[in-house]
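Structure first, commentary second.
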Amino acid sequence: MEFKINIGDPKTGKTVKRVVSGKEAEAFFKKRIGEKINGDDIGFAGYEFEISGGSDYCGFPMRKDVRGTARKRILIVSGVGIRKNRRGRKVRKTVAGNTIYSKTAQINLKIIKKGSKPLAEEKKEEEEPAKEKKEEKPKEKKEVKKEKKPEAKEKKKPEKAEAKKKKPKEEKKEESKN
């Protein structure tokens, strides 16, 4: 079981994205929108979060007033799952229930209580080794591509220029002979 979590800070307006799996993901299992989660369970010491929403594996948004885990087609006037509508218009839309289960893909969290370290620093510490490996490979590939491209361009330009010059002269010679 694996979830993508988006942790939003209402004071700064910034969001931190992270993927959780294993024991960290089990902390979310069978929780509902509006429930609180201890940050220690998911690797953020001292933090406390509130589940504010999410979506299932097909992208249907979770809605607080739909109980359970199943998707349902409901009449919506406003709120999650619908864009701004004309006055009095109701639309039947498919939405996911408010309970997190194994096929939930994304969970949105909101910070209620801050910990000692900022979220961005905790995230950087975990991703530093992964970034170093990724950065080394693309640099080598880019250098190789840069060397090949100028040579290819230089060869193509003279051929095109010569072909353009030869064609009009040959055509004129053939026309004058006839």
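Among what's in region 54-95 and is touching a residue at least 40 places away in the same chain (Cβ under 8 Å) and touching a strand residue (DSSP E or B) at 6+ places or on another chain (Cβ under 7 Å), pick the residue that is farthest from I7 (Cα to Cα).
Y57
Consider only pairs whose beta carbons are under 6 Å apart and that are at least six residues apart or on different chains; among these, list those whose first residue lies in region 13-36 and is closer than 20 Å to T69 by Cβ and of a type in the set (F, W, Y) and whose second residue is at pLDDT 90 or above and in a loop (DSSP other than H, G, I, E, B).
Listed by first residue and then by second, the contacts come to F28/I100.
Could you please give the count of residues in region 37-53 that are within 17 Å of V66 (Cα to Cα) and either in contact (Cβ under 8 Å) with a residue 60 or more places away in the chain or not polar (S, T, N, Q) (or both)?
Count: 2.
Inside region 44-59, can you point out the residues that are surrounded by 19 or more Cβ atoms within 10 Å (Cβ to Cβ), within 19 Å of I112 (Cβ to Cβ) and of a type outside the set (S, T, Y)?
Across region 44-59, the qualifying residues are F44, F49, I51, G53, G54.
Take the residues of region 60-88 that are surrounded by 11 or more Cβ atoms within 10 Å (Cβ to Cβ) and basic (K, R): which is farthest from the chain's Cα centre (by Cα)?
As a first pass, look at region 60-88 and keep what is surrounded by 11 or more Cβ atoms within 10 Å (Cβ to Cβ): 60-72, 74, 76-82, 85.
Subsequent filtering for residues that are basic (K, R) retains 63-64, 67, 71-72.
Values: R63: 21, K64: 23, R67: 27, R71: 23, K72: 25 Å.
Per the stated criteria, the residue is R67.
Scan region 74-91 and tell me whether some residue there is part of a strand (DSSP E or B) and modelled with pLDDT of 90 or more.
Here is the first cut: in region 74-91, the residues part of a strand (DSSP E or B) are 74-76, 91.
The next check asks that each one be modelled with pLDDT of 90 or more; those that pass are none.
Checked against the condition, which is being part of a strand (DSSP E or B) and modelled with pLDDT of 90 or more, region 74-91 yields no hits at all.
Scan region 38-50 and give yes if some residue there is of a type in the set (A, V, I, L, M), modelled with pLDDT under 90 and not in a strand (DSSP E or B), otherwise no. Walk me through how you get there before you give the answer.
Just the residues of region 38-50 that are of a type in the set (A, V, I, L, M), to begin with: 42, 45.
Applying the additional criterion that residues be modelled with pLDDT under 90 yields 42, 45.
Then keep just the ones that are not in a strand (DSSP E or B); that gives 42, 45.
Yes - at least one qualifying residue is present in region 38-50.
The values are calculated or read from the model by the stated rules, or taken from the named source; none is laboratory data. Please read these numbers as outputs of a predicted model, since none were measured by experiment. When we count neighbours, we look across all protein chains shown, and the Cβ atoms used for this are built from the backbone with ideal geometry, even at glycine.
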